[in-house]
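What follows draws every value from the coordinates through simple rules; no lab data is involved. The structure presented is a predicted model; accordingly, all values stated were derived computationally and were not measured. Every residue, glycine as well, gets a Cβ built from its backbone with ideal geometry; the counts of neighbours run over all protein chains shown.
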Amino acid sequence: MTEEYRRALTEVSEILAFIDIEYIKKIPVDVLIYIDNNKSDEYHFEMDLNKSFNEQSLSKETLAFLGWLSVNFFCDSEEEKSTIEKVLDEHEQEYRINIKQKYSPNGVLSGNEIFKNTGNYDSGEDHKSLVKYEEKNFISRMFDAIKHFFKKK
């Protein structure tokens with residue numbers, strides 16, 4: 001288990017301390033024991049009650065775990081569950097689109113300063129041509145090898 005995940009469980013444990021007992025009762029005991037046994041002993045997290053939940057510096061793993069708890073244990077109706085899953089799906093699609101744009105060949109090369117400054121990048125035209133490779137005949141290769149041999153000495 002990674003240290004980041006252990007830290008996330010520490011944050012989740014601290015957040016659960018502020019949640020109403022009715023919601024805590026909905027979480028299976030096994031899950032609560034898992035959180036308690038696997039949280040980090042070195043990392044200490046304290047909720048700042050003067051800040052809203054969105055202003056807390058929570059890790060992505062913590063938010064994901066809290067989302068999992070919400071969908072699986074806190075939602076009272078299928079409608080709530082489907083609403084949360086719909087929002088999560090929308091965020092996942094946005095994330096995939098951003099990643100696709102960020103790492104597409106056009107997206108990677110368009111912001112590259114090396115190509116812009118050297119002039120080696122032609123943004124408008126595709127230049128595709130074959131390069132002719134001529135292999136030297138045996139006599140030319142022997143002659144080059146002899147010249148190379150005498151240049152070394």
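Quick notes
Table: residues versus (1) among the β-branched types (Val, Ile, Thr); (2) out of contact with any Lys or Arg (no Cβ under 6 Å at 6 or more places or on another chain).
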position	(1), (2)
Arg7	no, yes
Thr10	yes, no
Ser13	no, no
Asp20	no, yes
Met47	no, yes
Ala64	no, yes
Thr83	yes, yes
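- Any hit, the range 32-46, residues being in contact with a His (Cβ under 8 Å, 6 or more places away or on another chain) and hydroxyl-bearing (Ser, Thr, Tyr): no
- Residue selected from the range 27-84 under the condition closer than 23 Å to Glu3 by Cα, small (Gly, Ala, Ser) and surrounded by 10 or more Cβ atoms within 10 Å (Cβ to Cβ), by the criterion farthest from the chain's Cα centre (by Cα): Ser40
- When the range 1-42 is filtered for residues that are under 13 Å from Ser59 (Cα atoms) and assigned to a loop (DSSP other than H, G, I, E, B), nothing remains.
- Scope the range 20-34; condition within 14 Å of Phe74 (Cα to Cα) and out of contact with any helix residue (DSSP H, G or I) (no Cβ under 9 Å at 6 or more places or on another chain); matching residues: Asp20, Ile21, Glu22, Lys25
- The number of residues in the range 43-63 that are aromatic (Phe, Trp, Tyr) and in a helix (DSSP H, G or I) comes to 1.
- Checking each residue in the range 3-20 for being within 10 Å of Tyr43 (Cα to Cα) and of a type in the set (Gly, Ala, Ser) picks out only Ala8.
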